[in-house]
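Quick notes on the structure that follows.
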Amino acid sequence: MLLEIEDIHVHYGKIAALKGISIAVDEGEIVTLIGGNGAGKTTTLKTISGLRPLTSGRITFAGQDISKMPGHKRVLAGIGQAPEGRGIFPGMTVHENLLMGAYARKGEVKAELDEVYDLFPRLAERRTQAGGTMSGGEQQMLAIGRAMMTKPKVLLLDEPSMGLAPMLVAQIFEIIQKINERGTTVLLVEQNAQQALQLAHRAYVIETGRVVKSAPASDLLDDPEVRAAYLGGD
Ligand code: ATP
C-alpha cells in the first residue's frame with residue numbers, strides 16, 4: 001500500500017473528531033471518502049497532510065512511518081493537497097501561484113508547469129491574471145494545479161466540486177481522472193457522492209468519526225443504504 005492509515009484518533013480539544021479510522025490507498029488508485037457533514041472527512045485529509053496531530057494511531061506512506069513528520073516534509077515526501085476553500089494567493093498571478101506550489105521543491109519546474117498548463121488550458125490562457133479575480137471553478141483548477149506542482153505521489157483533494165456549476169463539476173472530475181491516468185494516486189473527499197463513486201476505484205463511508213463501510217466504488221453505487229443516505233435514491 002502507498003498510504004496506510006491505521007486506527008487514527010484525532011481530537012479538537014476534548015471533542016473526538018476521528019475515533020479509530022483505518023484507510024488504505026494503493027498506488028494508482030482513486031479512493032474516495034464519502035459521508036455527511038461533520039463525519040470527519042476533512043479532518044482525515046488534514047491529518048494525513050500533517051495539519052492536524054494524531055492522538056493515537058499510525059500513518060505510513062511509501063513504507064515510512066510519517067505519523068510525526070512535519071507537514072512541509074510530507075509535501076516533499078510526495079503528499080500533495082488541494083485544500084477545501086482553495087487557499088490560493090489572491091494578489092499573485094496564476095503563474096506565480098503555480099510557482100509557489102514548487103517553491104519548497106528544488107530543481108527544474110518547467111516540466112511540471114507544462115504538465116499543469118496542459119491539464120488546465122484555462123490556466124494557461126489566464127497565466128497573468130490575478131488569482132483572486134478568477135472564477136470559483138478557475139480557482140479550484142488553480143488549487144489543484146498548484147498541488148500538482150509539488151509532484152505528488154498521492155494527491156489529496158477536499159471537495160473539489162464544492163460550489164461549482166454542473167458543467168464545471170464534470171470538467172473537474174474529468175481532470176482528476178486524467179491526473180490519475182497519468183500516474184498520480186488520488187484520495188478524494190466529496191459531498192457529491194454520486195460522481196465521486198463513478199470516478200473512484202474504491203470508497204469508504206465515514207460517519208461520526210468511524211468507517212462504517214468500505215467497498216469497490218461501483219458496489220456502493222448499488223448499495224441500498226448508501227443510496228438512501230448519500231445518493232438521494234430510493
Ligand atoms: P463536511 O463535509 O461538513 O466538511 P467533514 O466530514 O469534512 O464535514 P470535519 O470537518 O472533518 O467533517 O469535522 C469532523 C468533526 O470535527 C465535526 O464534528 C466538526 O465540528 C469537528 N471540528 C472540525 N474542525 C474543528 C475545529 N477547528 N474545532 C473544533 N471542532 C472541529
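What does the charge add up to near His11, with Lys and Arg as +1, Asp and Glu as -1, over the other residues with Cβ less than 12 Å from its Cβ?
Taking every Cβ under 12 Å from that of His11, the sum is +3.
Going by amide H atoms built from the backbone, whose H comes under 5 Å of the H on Ile206, apart from near neighbours?
Close amide H contacts, sequence-distant or interchain: Ile34, Gly35, Val212.
Give the accessible surface of the range 168-234 per residue, rounded to a whole number of Å², with probe radius 1.4 Å and ligands, DNA and RNA excluded.
For the range 168-234, the solvent-accessible area averages 47 Å² per residue.
Quote the relative contact order of the range 1-116 in percent (integer), defining contacts as alpha-carbon pairs under 8 Å separated by 6+ residues.
Worked out over the range 1-116, it gives 23 percent.
How do 175-188, 60-73 rank on mean C-beta neighbours within 10 Å, highest first?
175-188, 60-73
With an 8 Å Cα cut-off and a minimum separation of 6 or more residues, compute the relative contact order for the chain in percent.
Relative contact order comes out at 27 percent.
Would you mind counting up the charge near Val25? Only other residues with Cβ under 13 Å from its Cβ, with Lys and Arg at +1 and Asp and Glu at -1. Can you show the working numbers first?
Values: positive: Lys153, Arg202; negative: Glu4, Glu6, Asp26, Glu27, Glu29.
My count for the surroundings of Val25 gives -3.
Whole number please: convex hull volume per residue, Cα atoms of the range 120-172, in Å³.
Taking the convex hull of the Cα positions in the range 120-172, it is 89 Å³ per residue.
Suppose a student asked you for the relative contact order of the range 130-197, using Cα pairs under 8 Å spaced at least 6 residues apart; what percent would you report? The partial results should precede the final answer.
Values: 51 pairs, mean separation 24.2, N = 68.
Dividing the mean separation by the residue count of the range 130-197 yields 36 percent.
Report, for the chain, the % of DSSP beta bridges that are antiparallel, rounded to 5.
Percentage antiparallel, nearest 5: 55.
Ala165 to Lys19: extension gain in nm, 0.36 nm per residue of separation minus the Cα-Cα distance?
Full extension of this stretch gives 49.1 nm more.
Specify the inter-centroid distance of the range 13-59 and the range 140-188, based on alpha-carbon positions, in whole Å.
Here the two parts' Cα centres lie 19 Å apart.
What ratio of Cα Rg to 2.2 N^0.38 Å holds for the chain?
Relative to the 2.2 N^0.38 Å estimate, the chain comes out at 0.98.
Once the Cβ-Cβ distance between Met1 and Thr133 is put in as r, and R0 is 35 Å, what FRET efficiency do you end up with, to the nearest 0.05?
Numbers: r = 41 Å, r/R0 = 1.18.
FRET efficiency, Met1 to Thr133: 0.25.
About its Cα centre, how strong a charge dipole does the chain have in debye, to the nearest 20, once Lys and Arg get +1 and Asp and Glu get -1 at the Cβ?
That gives a dipole near 940 debye.
Rounded to the nearest 5, what % of DSSP beta bridges with both residues in the range 103-234 are antiparallel?
Numbers: 6 of 11 bridges.
Around 55 percent of the beta bridges assigned by DSSP in the range 103-234 are antiparallel ones.
Would you mind working out the magnitude of the charge dipole of the range 103-221 relative to its Cα centre, with +1 at each Lys and Arg C-beta and -1 at each Asp and Glu C-beta, to the nearest 20 Debye? Walk me through the numbers on the way to the answer.
On the way: 14 positive and 14 negative charges, 73 e Å.
It works out to roughly 360 debye.
Go through Val116, Leu33, Leu51 and say which Cα lies farthest out towards the positive end of the charge dipole of the chain; charges sit on Cβ, +1 for Lys and Arg, -1 for Asp and Glu.
Leu51
For the residue pair Ala215 and Gln177, what label-to-label distance in nm results when each label sits 7 Å from Cα along the Cα-to-beta-carbon direction?
Inter-label distance under the simple model: 2.3 nm.
Quick one: grab the alpha carbon gyration tensor of the range 190-234, order the square roots of its eigenvalues as a ≥ b ≥ c, and give me rounded if a/c is under 1.5, else prolate or oblate depending on whether a/b is larger than b/c.
rounded
So what is log10(I(q)/I(0)) for the range 67-191 at q = 0.09, 0.14, 0.17 1/Å, when the Debye sum runs over its Cα atoms only?
Once normalised to I(0) and log-transformed, intensities are -0.22, -0.54, -0.82.
Which FRET efficiency value, to the nearest 0.05, do you get for Leu99 and Gln198 by plugging their Cβ-Cβ distance into 1/(1 + (r/R0)^6) with R0 = 30 Å?
0.35
Taking a 18 Å limit on the Cα-Cα distance, which of the listed pairs Lys19/Lys213; Lys46/Lys178; Lys46/Lys73; Lys41/Lys151; Lys46/Lys68 fall beyond it?
Check vs 18 Å cut-off fails for Lys46/Lys178; Lys41/Lys151.
How much accessible surface area, in Å² rounded to 10, belongs to the heavy atoms of Met141 with a 1.4 Å probe?
Around 10 Å² of this residue is reachable by solvent.
Counting only protein heavy atoms, what percent of the accessible surface of the range 39-151 is carbon or sulfur at a 1.4 Å probe?
54 percent
Could you estimate the translational diffusion coefficient of the range 1-137 from the Stokes-Einstein equation, with Rh from the Kirkwood formula over C-alpha pairs, at 25 °C and 0.890 mPa s, in whole µm²/s?
Answer from the Stokes-Einstein relation: 145 µm²/s.
What is the extension gain from Glu27 to Ala228, computed as 0.36 nm multiplied by their sequence separation minus the C-alpha to C-alpha distance, in nm to one decimal?
Once the chain is fully extended between Glu27 and Ala228, it gains 69.3 nm.
Only helices at least 20 Å long along their own axis, judged from Cα atoms, and with Kyte-Doolittle mean hydropathy of 0.5 or greater: name those in the chain from DSSP H.
166-181
The values are calculated or read from the model by the stated rules, or taken from the named source; none is laboratory data. Computed from a predicted structure; not experimentally measured. Reconstructed Cβ throughout: ideal geometry from the backbone, glycine too, with neighbour counts over all protein chains shown. What goes into the accessible areas is simple: the full protein's heavy atoms, side chains included, and nothing from ligands, DNA or RNA. Shrake-Rupley method; radii C 1.70, N 1.55, O 1.52, S 1.80 Å.
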